[in-house]
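Asker: This structure is in structure tokens; I'll ask about it shortly.
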Amino acid sequence: MSAAQFLPHADRYTPEASPEEAIAAFFEIMRRRRSVRMFSDKPVSLETIEGLVRCAGSAPSGANKQPWRFVCVQDPVIKRKIRLAAEKEEREFYERRANAEWLADLAPLGTDENKDFLEIAPWLIVVFKLMRCDDNSQVYYLNESVGLASGLLLAAAQHAGLATLTHTPSPMGFLREVLGRPEHERPFLLIPVGYPADDCEVPAKAFERKALDEIMVVS
Ligand code: IYR
């Protein structure tokens with residue numbers, strides 16, 4: 001006997017518009033997303049952040065284990081600790097860890113070890129992957145699952161008119177310590193969320209997108 005039980009898929013989302021119109025409208029939103037490093041300190045409500053996490057948590061995951069935790073930080077004291085620890089790792093990265101090709105690839109982005117946005121953005125969402133579930137059960141396709149959830153979070157933020165950055169200080173073990181997270185949680189991504197600063201600029205390279213025929217194959 002199978003343990004599977006099924007329910008009708010009744011509460012379906014059906015847009016008013018045709019699929020062609022619906023996706024064109026969504027693309028108009030998504031194509032304007034940029035990774036932002038110059039944030040405003042304009043507040044974003046907890047309700048908004050909760051909505052982003054709900055969207056992220058709607059992602060598919062291996063065996064529906066939902067192996068993620070989203071630690072949402074607004075406390076300036078904690079944000080400062082994160083900034084200082086991240087900048088320490090980044091200094092090491094830019095001065096020693098990165099090889100020449102990596103540094104050359106980053107040059108057009110104009111990034112460096114200064115991460116002031118970690119204190120300026122009103123929220124930092126630290127995405128943790130769960131190496132095992134809270135009940136100690138196994139997880140599957142962990143990176144795929146948490147990556148999908150993080151992507152949905154970015155899309156949801158863009159839909160809400162909010163800017164994000166996928167920041168990956170490396171190594172980022174310090175996030176578990178600063179945030180007092182348990183051993184089975186591993187930092188996956190650090191996502192500052194907020195509004196772009198009035199004078200926000202983004203690297204020209206961020207406007208470059210591969211053409212459809214470079215990324216898509218129809219067969
Ligand atoms: N983590 C560093 C370096 C960095 C690496 C990649 I790959 C980027 O796309 C951007 C930055 C930093 O955040 O500066």
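Asker: Determine if segment 99-110 includes at least one residue that is touching a helix residue (DSSP H, G or I) at 6+ places or on another chain (Cβ under 7 Å) and in contact (Cβ under 8 Å) with a residue 40 or more places away in the chain.
Answerer: Looking through segment 99-110, at least one residue is touching a helix residue (DSSP H, G or I) at 6+ places or on another chain (Cβ under 7 Å) and in contact (Cβ under 8 Å) with a residue 40 or more places away in the chain.
Asker: Of everything in segment 97-116, what is within 22 Å of E177 (Cβ to Cβ) and either assigned to a helix (DSSP H, G or I) or β-branched (V, I, T) (or both)? Give them in sequence order.
Answerer: Once the filter is applied, which keeps residues that are within 22 Å of E177 (Cβ to Cβ) and either assigned to a helix (DSSP H, G or I) or β-branched (V, I, T) (or both), segment 97-116 yields only R97.
Asker: The conditions are (1) within 10 Å of the ligand (Cβ to nearest atom); (2) crowded, with 19+ Cβ neighbours inside 10 Å; (3) assigned to a helix (DSSP H, G or I), and K79 fails exactly one of them. Which is it?
Answerer: Evaluating K79 over (1) within 10 Å of the ligand (Cβ to nearest atom); (2) crowded, with 19+ Cβ neighbours inside 10 Å; (3) assigned to a helix (DSSP H, G or I) leaves (1) as the failure.
Asker: Of all residues in segment 110-140 being away from the ligand (no atom under 15 Å from the Cβ) and of a type in the set (K, R), which is farthest from A156 (Cα to Cα)?
Answerer: Looking at residues that are away from the ligand (no atom under 15 Å from the Cβ) and of a type in the set (K, R), I get R132.
Asker: All but one of (1) under 23 Å from F117 (Cβ atoms); (2) open to solvent by less than 50 Å² (accessible area, probe 1.4 Å) hold for A59; state the number of the condition that does not hold.
Answerer: Just one mismatch for A59, condition (1).
Asker: Looking at segment 29-58, I want the residues that are under 18 Å from L189 (Cβ atoms) and have a partner that is assigned to a loop (DSSP other than H, G, I, E, B) and among the small types (G, A, S) with Cβ atoms under 8 Å, at least 6 apart or on another chain. Which pairs are those?
Answerer: Between residues of segment 29-58 that are under 18 Å from L189 (Cβ atoms) and residues that are assigned to a loop (DSSP other than H, G, I, E, B) and among the small types (G, A, S), the close pairs are F39/A121; F39/A197; L52/A160.
Asker: Can you spot a residue in segment 98-111 that is under 29 Å from K65 (Cβ atoms) and out of contact with any Leu (no Cβ under 6 Å at 6 or more places or on another chain)?
Answerer: Checking segment 98-111: not a single residue is under 29 Å from K65 (Cβ atoms) and out of contact with any Leu (no Cβ under 6 Å at 6 or more places or on another chain).
Asker: Within segment 166-192, which residues are within 16 Å of the ligand (Cβ to nearest atom) and open to solvent by less than 50 Å² (accessible area, probe 1.4 Å)?
Answerer: Across segment 166-192, the qualifying residues are H167, P169, M172, G173, F174, L175, P187, F188, L189, L190, I191, P192.
The values are calculated or read from the model by the stated rules, or taken from the named source; none is laboratory data. None of the values given here were measured: they were computed from a predicted structure. FYI the Cβ positions are ideal-geometry reconstructions off the backbone, even for glycines, and counts take in every protein chain you see. These accessible areas exclude ligands, DNA and RNA; they are computed on the full protein's heavy atoms, side chains included. Shrake-Rupley method; radii C 1.70, N 1.55, O 1.52, S 1.80 Å.
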